[in-house]
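The block underneath contains the structure these notes are about, expressed in structure tokens.
The values are calculated or read from the model by the stated rules, or taken from the named source; none is laboratory data. A quick note: this is a predicted structure, and the numbers were derived from the prediction, not measured. A quick note on method: Cβ atoms are made from the backbone with ideal geometry, for glycine too, and the neighbour counts reach across all protein chains shown. Ligands, DNA and RNA are stripped out before the accessible areas are found, and what is left, the full protein with its side chains, is counted by its heavy atoms. Shrake-Rupley method; radii C 1.70, N 1.55, O 1.52, S 1.80 Å.
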Amino acid sequence: MPDILPTATPGTVVAADASGRWVPVDPTTLLPGGVDYMATASVPAVTIAADATTPVAIAPFAGTVASVTYVPSSAITGAASPASRLFSLYNRGQAGAGTTVVAILSMLGGVNAAENDMKDV
């Protein structure tokens, strides 16, 4: 995967081209295997004890998630339940009903994220 990640518009899917540059791609088009892809999404702020679901990408091909990162637009401070945050990435499958957890980040007490600082999930 290219070392430098692009600043992508939320909802954009990009792929590494032959020279290692990230370029936008149409996620509805079947793309060749052996290529690195990246999808981005904006996660809306929600109040304590509220839930939100944000689709990240629909892959029209089989693949493997190699890494997941979270970049908050403002600092987020972990807290004890019920004020804690839980970010989960699911594989919903072709029917859209899958429950396989691909990655999870628990923002509990002591787990903080600085503004615009990439945090591995």
### Message
Against the condition modelled with pLDDT under 75, of a type in the set (A, V, I, L, M) and in a strand (DSSP E or B), how does Ala8 come out, does it pass?
### Response
no
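So, in segment 89-103, exactly how many residues are aliphatic (A, V, I, L, M) and open to solvent by less than 50 Å² (accessible area, probe 1.4 Å)? Write out each step before concluding.
At the first step, the residues of segment 89-103 found to be aliphatic (A, V, I, L, M) are 89, 95, 97, 101-103.
Add one more test, that the residue is open to solvent by less than 50 Å² (accessible area, probe 1.4 Å), and what stays is 89, 103.
Residues in segment 89-103 being aliphatic (A, V, I, L, M) and open to solvent by less than 50 Å² (accessible area, probe 1.4 Å): 2 in total.
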### Task
Among the residues of segment 56-84, write down those that are in contact (Cβ under 8 Å) with a residue 60 or more places away in the chain and either touching a strand residue (DSSP E or B) at 6+ places or on another chain (Cβ under 6 Å) or not in a loop (DSSP other than H, G, I, E, B) (or both).
none
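Examine segment 104-116 for a residue that is loosely packed, with under 12 Cβ neighbours inside 10 Å, free of Cβ contacts under 8 Å to residues at least 40 places away in the same chain and either assigned to a loop (DSSP other than H, G, I, E, B) or at positive phi (or both), and state whether such a residue exists.
Looking through segment 104-116, at least one residue is loosely packed, with under 12 Cβ neighbours inside 10 Å, free of Cβ contacts under 8 Å to residues at least 40 places away in the same chain and either assigned to a loop (DSSP other than H, G, I, E, B) or at positive phi (or both).
Condition test on Pro24, is it out of contact with any helix residue (DSSP H, G or I) (no Cβ under 6 Å at 6 or more places or on another chain), at pLDDT below 80, outside any loop (DSSP other than H, G, I, E, B) and over 16 Å from Val121 (Cα atoms)? Lay out the reasoning, then the answer.
Details: out of contact with any helix residue (DSSP H, G or I) (no Cβ under 6 Å at 6 or more places or on another chain): yes; at pLDDT below 80: yes; outside any loop (DSSP other than H, G, I, E, B): yes; over 16 Å from Val121 (Cα atoms): yes.
So Pro24 passes the test.
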### Task
Looking at (1) within 10 Å of the chain's Cα centre (by Cα); (2) open to solvent by 50 Å² or more (accessible area, probe 1.4 Å), find the lone condition where Ser81 falls short.
(1)
